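Here, each number is a calculation from the coordinates, and none is a lab measurement. Computed from a predicted model, the values in this text were never measured in an experiment. Positions of Cβ are generated from backbone atoms using ideal geometry, with glycine treated the same way; all protein chains shown enter the neighbour counts.
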Amino acid sequence: MIYVNLNTNKGAVSGKTFETISPRTGEVITRVAEGDREDVDLAVKAARDAFDNGPWPRLPGSERRRIMMKYADLIDENAEELAALDTIDAGKLFGMGKALDIPGAAQGLRYYAGAADKIHGETLKMSRELQGYTLREPIGVVGHIIPWNFPTNMFFMKVSPALAAGCTMVVKPAEQTPLSALFYAHLAKQSESIANAGIPDGVINVITGFGPTAGAAIGSHMDIDKVSFTGSTEVGRLVMQAAATSNLKAVSLELGGKSPLIIFDDADGEICVAGSRVFVQEGIYDKLVKKLAEKAKTWVVGDPFDPTVDKTQFDKILAYIEHGKKEGATLLTGGKPCGEQGYYIEPTIFTNVADNMKIAREEIFGPVMSLMKFKTIDEAIKRANDTRYGLAAGIVTDNLNVANTVSRSIRAGIIWINCYFGFDYDCPYGGYKMSGFGRDMGMNAVDMYLHVKSVVTPIYNSPW
Ligand code: ADP
C-alpha cells in the first residue's frame, strides 16, 4: 500500500517511505510513501488538469450526484475493512467504526450528493439600466489537510462538499493515520468501473507525508485555489501565512478549542460530561464531584478510551497533567498512562481548577477534564467566554430561558443543550475566534468550495 497519488499510483519521487504505527500496540503496521513538495506538485498538476480539462466540473450536477452515490455504496460495501483500518491505524473502536464512522462517511457523501444538483445563483434586479444574475462556480483545485482524530469523518467532511461543488483536490491525511485515506482514494478509482462514469482520475489525489513538508507544500502552492485545514491553531496559523505569502488562496480553518460545559443546579438525571472546562453551579458541585469519583471506578481501563495517537501527543498530555498538579488543582481521578501497551491515558479529572491555570486555558487534546465552580448565570457566561477559542459549548439545565440566554451569549460555533458532541452532516461545524473560520458540514460547507460570479447585462426600456 505505497502510493502517493491516484494517477501515478507510485511511491514518492524521492523514493522515501515512513512507518505508520499502531497506537494500540506501538508496533509498525506498514510503510507508506513519504510525499514531499515534488509529489504535491505532481498531484496538483493532475488535479489542475482534471479541473481545467476534465469532465468533473462540467458534469451536470445530477451526474455528479449519481457518481457520489455509487462511491457511498462502495464505502458501505467495504465497511468492515475500512473500520479495521481505522482501528489498526488510529486506535478507533472497531464496532463503533463499523456502526457509525464508516456508514456516517457514506451518509455524508449522500448528503452532499443531494446538493450537487441544487447549486444555483440568484437573479439581481439592479437598476433600471442594468440587470444581473449570479453563478456559483467551483472554486478550483482544493487542498485538504486533515488531522488524525477522526481519519474517516475528516476525509469525507472535506471531500464530499468539494466533490459536490465540482472541485478537484489534493488530500493530505495526518502522518499518524494515512491508511484509510489511501483506501478511499482507491475506492474512488474503483467507482469508475462500477458507475460507468465514476470519479475521474485526478479528481481526488491523496498525498501521504508529513506536515512541514507535504502539508506546507499544499499551503504555499501557487496552483491551489483553496486550502481547507483542520488541526491545531498553531499549524492553522502557518497554513494561513503560507496562503498569504504565496497566491492568496482562499482558506478555511477548523482549529482547536477549549470548550466549556456549563452545568446548572437544576440539571437532572444522568449527565453526559465531556467538556474540557466544566463549570458547575455551586448547588450541585459537591454532588457531581462525588458522582464522578464513583463513576470513575467503574470505567474500564484499556482500549475503549481515547487513544493518544503518538508518543509526542501522549507525552504532551502527561505534561499538562503534571502542570495541573503543580499549579494546585486537585486530581480527582486518573492522571496516568493506562495499560502496558500503546498510548492510552486514563480519563483524568481535576477539581479546584482556577480559570488561569494552564489546564484551563490550553487545548490538551486528551481525556483531561477540569471542574470549576460558579454562582450566577452571568458569571458562567463571562468565564465560559474567557478563552481565545470558540469551537463548541455545552449547557445542562432544565430551564429553557437559561438555555436560550446562555446559548446566545456563548461565542462558539456549536452549542449543545442537554447533550454533548451531537453531530450530523446536516449541522454546520466550525469555530469562532481562534478556533478558526468557515463551516464544515451542513449546506454551508458547499459554499466554501464555490465562487460567486456576478453577470451583469444592460436592460433597455425597463418597465420597472
Ligand atoms: P493535531 O494537533 O490535531 O495533530 P496538527 O495541526 O499538528 O494537528 O496537524 C494537522 C494536519 O496538519 C496534519 O495532517 C499535519 O501533517 C498537518 N501539518 C502539520 N504542520 C503543517 C504545516 N506546517 N503546514 C501544513 N500542514 C501541516
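Taking a straight line from the alpha carbon of Lys125, these lysines sit under 20 Å away, with near neighbours fewer than eight places off in the same chain left out: Lys453.
Protection proxy ranking for 448-457, 89-98, using the average of other Cβ atoms within 10 Å per residue and placing the highest first: 89-98, 448-457. Expressed to the nearest 5 percent, the antiparallel share of DSSP beta bridges inside region 260-417 is 20 percent.
Full extension of the chain between Asp398 and Phe210 yields a length gain of 63.0 nm, computed as 0.36 nm times the residue separation minus the alpha carbon distance. For the chain, the average shadow cast by the Cα convex hull is 24.7 nm², which is a quarter of the hull's surface. When each of the peptides 241-252, 391-402 is scored by the mean number of other C-beta atoms lying within 10 Å of its residues, the order from highest to lowest reads 391-402, 241-252.
In this structure, the residue pairs whose Cα-Cα separation is over 22 Å, taken from Lys98/Lys297; Lys358/Lys382; Lys290/Lys358; Lys98/Lys258; Lys158/Lys311; Lys295/Lys375, are Lys98/Lys297; Lys290/Lys358; Lys98/Lys258; Lys158/Lys311; Lys295/Lys375.
Checking the a/c ratio against 1.5 first, then a/b against b/c, what shape does the Cα gyration tensor give for region 82-123? Here region 82-123 falls in the prolate category. With the radius of gyration and the Kirkwood radius both derived from the Cα set of region 424-464, what is their ratio Rg to Rh? Rounded to two decimals, Rg/Rh equals 1.34. Residues whose amide H comes within less than 5 Å of that of Ala12, counting only those at least five positions distant or on another chain, are Glu34 (H built at 1.01 Å from N in the peptide plane). According to the Cα-based calculation, Rg over Rh for region 260-417 is 0.96, with Rh computed by the Kirkwood formula. The orientation-averaged projected area of the convex hull spanned by the Cα atoms of region 363-464 comes to 11.4 nm². Rounded to the nearest 5, what % of the DSSP beta bridges within the chain are antiparallel ones? If we restrict to bridges inside the chain, about 40 percent are antiparallel.
Taken about its Cα centre, region 260-417 carries a charge dipole of roughly 340 debye when the Cβ of each Lys and Arg holds +1 and the Cβ of each Asp and Glu holds -1.
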